[in-house]
Structure formats: C-alpha cells, structure tokens
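Presented below is the structure to which this report refers.
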Amino acid sequence: MSDGKGKGVIALKKLGVEVQKGDHYSCQKTQQSVTKYNSNGQTSSYQSEEKAAVVTKIGKSSTTTVKVFQRRVEETIHHKSLPPVKDKITHFSHRHDLHRYEVQKRDKINCNICEAEILDKAWSCESCKFFIHKSCESIPQKIKHKSHLRDTLILRSSTNYACGEFICDACCDSDKGFHYHCSPCKFDIHVACAGLPSAVNHPMHKNPLILCYDFPVRSSETVKCKACDMKINKKGWAYYNDDSKFIAHIYCAVNKKKKDSILAIQKRLQSLQMK
Ligand SMILES: [Zn+2]
Ligand SMILES: [Zn+2]
Ligand SMILES: [Zn+2]
Ligand SMILES: [Zn+2]
Ligand SMILES: [Zn+2]
C-alpha cells in the first residue's frame, strides 16, 4: 500500500474521483478490472481499456473501500475494523491474569460469574480452574435492580456471612460464588437471577408471565408450580399471570437451555448498570 500523498491519489485524480482534503487515502491496487459484489453474493467483473481502481481509506475504527470504474465511483463499502485480538486480560473477578480459552462441548465448564455453561469463548486461569464467559468480562459491578430500588447492589465474588453461603432472595437457593449484594439489608441475588427478564412466554401458557418480586399469592396454602408441580418458596420470586393465576418457579418459566440466554442476561444487566 502506498501512502496517501503518493501515487494512489494521483491515480485517483486521473480517474476523476474527488479526494477530500484532510482524508487519508491509500491506493490498494490500480488495475484493469473491478469486481463488484452485491448483497446476494453475486459478483460481476468489469473489464476495460480504461483504468479502474480500488481505493481504501483507513480510519481509526473503520475502513472504507471505494471501487472506481470508468471515472465513476461504482461502489463504496464501509466496514468496521476488528478490534485487536487480546490474548489475556486482567479482570476484577480474579487475582491472576485471565487467558483466552476456547471451551469444547465435552469440557462441561460453567462460568464462575453467572454459573451458566460456557459453550465457546472464555477467559480462564487454568491453574485455579477459574473460567468466565467472554461476555461476562463486562459484567457491571454496581446495578440498580427493580427488586431492590432503594439501594445499589454490588457484585461480590463471595459472601462474608459467617456460614460462608448466601441465600438468593430470588430463587431461594444457597450458594457461595458471585452474586449481587446489599450490605445493610443483607439482600443477595445470583447474577443470573438479577438478569431475569421481567416477562416471559411459556409453552404451557398463552399470555406472558410476569416476574413478581413479592409473592403474588396471598393464601397460606402451599402453592405449587404449574410447570413441575413442586412447591414454590413464598420468600422468593415467581412468574405469574394474574388473569389465569398460572404460577411457575422462575427457572421453570425461563428457557435456560437457550443459546442466546447468557447474552440476553448480559444485555439486561448492562441496562441496570450504575456509574
Ligand atoms: Zn458467565
Ligand atoms: Zn488464578
Ligand atoms: Zn438465585
Ligand atoms: Zn438494601
Ligand atoms: Zn417448577
């Protein structure tokens, strides 16, 4: 590639293409034919006695390719440059560097942060057997959650409760790992629970089910999940439809196996982020 001040620009001027002052152009190739690619993947080639050119303008985060044929700009393509590939990162979740790791299906590795299975890209500290989804790298450390609006929730890697475990205020399971925490209220929720959608569609129910942070059924009787027929803990959250009274455990209502679910969780957590 020659420099923008060099031959490329002169060639372009000959072709009648306006080169804007201050832009950086470099001429990738000056050739006798231009190949045009359309969105259907079809290509067509132009052969000519006249000159044709492919010009590339490289910006900081994008590249613009201009195809010139017979003094006309035939096509302009903008594409974002790929960010440089990182092999390791330092991350607040772990005291050692984390290295790029490609998880294979048979590995059966779960993410230390969100606890969901990792199916492809991960960051890892192999000696500590610490793995996180690549997408969990940018997990917010502080969130404002609808279930606990009065305080900011802080991401913690472990609990300092004497028993060594916290009980999730959403799903009622006890656990040791990453969770969002409010210290004055002793309020704790799993990362995955914090990222639950506020409404879901369930195959057994026509209308959407709404996530309730306060148990929606007031009676003192045992309430059973309509999906699995097991008791639901009234201290936790549930998905519920007020018209039909259909109620389900949070993890009976959401499709955990869905491949995009971890990205969906991440997206919802990002929207709760506090600066
Ligand atoms: Zn994760
Ligand atoms: Zn380590
Ligand atoms: Zn939970
Ligand atoms: Zn609180
Ligand atoms: Zn259930």
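Each reported figure results from applying straightforward, stated rules to the coordinates on display, with no laboratory input. If you're wondering where the values come from, they're calculated on a predicted model, not measured in any experiment. Here the Cβ positions follow ideal geometry from the backbone for every residue, glycine too, while neighbour counts run over all protein chains shown.
Per-structure values
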| item | result |
| --- | --- |
| Equivalent ellipsoid dimensions for the range 88-138 as semi-axes, Å, which come from the Cα gyration tensor, largest first | 16, 11, 10 |
| Residues of the range 83-104 with amide N under 16 Å of the 7 Å Cα→Cβ point at residue 128 | 88-101 |
| For the range 206-275, fraction of C-alpha pairs farther apart than 13 Å, in % | 68 |
| Positive minus negative residues near residue 160 (Lys, Arg vs Asp, Glu; Cβ under 12 Å) | +1 |
| The range 91-202: C-alpha pair distances exceeding 24 Å, % | 29 |
| Extended-chain gain in nm, criterion 0.36 nm per residue less alpha-carbon gap, residue 242 and residue 264 | 5.4 nm |
| Separation in nanometres of the label points that stand 7 Å from Cα toward Cβ, at residue 107 and residue 151 | 3.6 |
| Charge tally in the Cβ shell below 14 Å around residue 139, where Lys, Arg are +1 and Asp, Glu are -1, residue 139 excluded | +3 |
